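Sharing a structure with you now.
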Amino acid sequence: MKVKVNDSCIGCGACMSIADDVFEMNDEGLSSVKVSEVPEESVDNVKEAMESCPTGAIEEA
């Protein structure tokens, strides 16, 4: 599974609190993906982060 964060990110940090092994804050204070491929053990957390994102900024790449 591959994911990306689109331009609607507001930097709330929900994704990082759910899947900090996949998401990080960039220099602009917005979320970014720090892995090229989501590890199998993190897929459920990433799906939860996608559902929890208030702006729907996380999508499959």
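The values are calculated or read from the model by the stated rules, or taken from the named source; none is laboratory data. What you see is a predicted model, and the numbers here were worked out from it, not measured in a lab. Positions of Cβ are backbone-derived with ideal geometry, glycine not excepted, and every protein chain shown enters the neighbour counts.
Out of the residues in the range 40-61 meeting the condition of being closer than 16 Å to Lys4 by Cβ and part of a loop (DSSP other than H, G, I, E, B), tell me which one is modelled with the lowest pLDDT.
Ala61
Still on this structure: From (1) in contact with a strand residue (DSSP E or B) (Cβ under 9 Å, 6 or more places away or on another chain); (2) closer than 10 Å to Val3 by Cβ, pick out the condition that doesn't hold for Ala19.
If we test Ala19 against (1) in contact with a strand residue (DSSP E or B) (Cβ under 9 Å, 6 or more places away or on another chain); (2) closer than 10 Å to Val3 by Cβ, just (1) comes out false.
For the range 11-25, check the following and say yes or no: at least one residue is surrounded by 12 or more Cβ atoms within 10 Å (Cβ to Cβ), in a strand (DSSP E or B) and either touching a residue at least 60 places away in the same chain (Cβ under 8 Å) or among the β-branched types (Val, Ile, Thr) (or both).
no
Next up: Name the residues in the range 26-50 that are farther than 15 Å from Ala61 by Cβ, touching a residue at least 24 places away in the same chain (Cβ under 8 Å) and of a type outside the set (A, V, I, L, M), would you?
Asn45, Glu48
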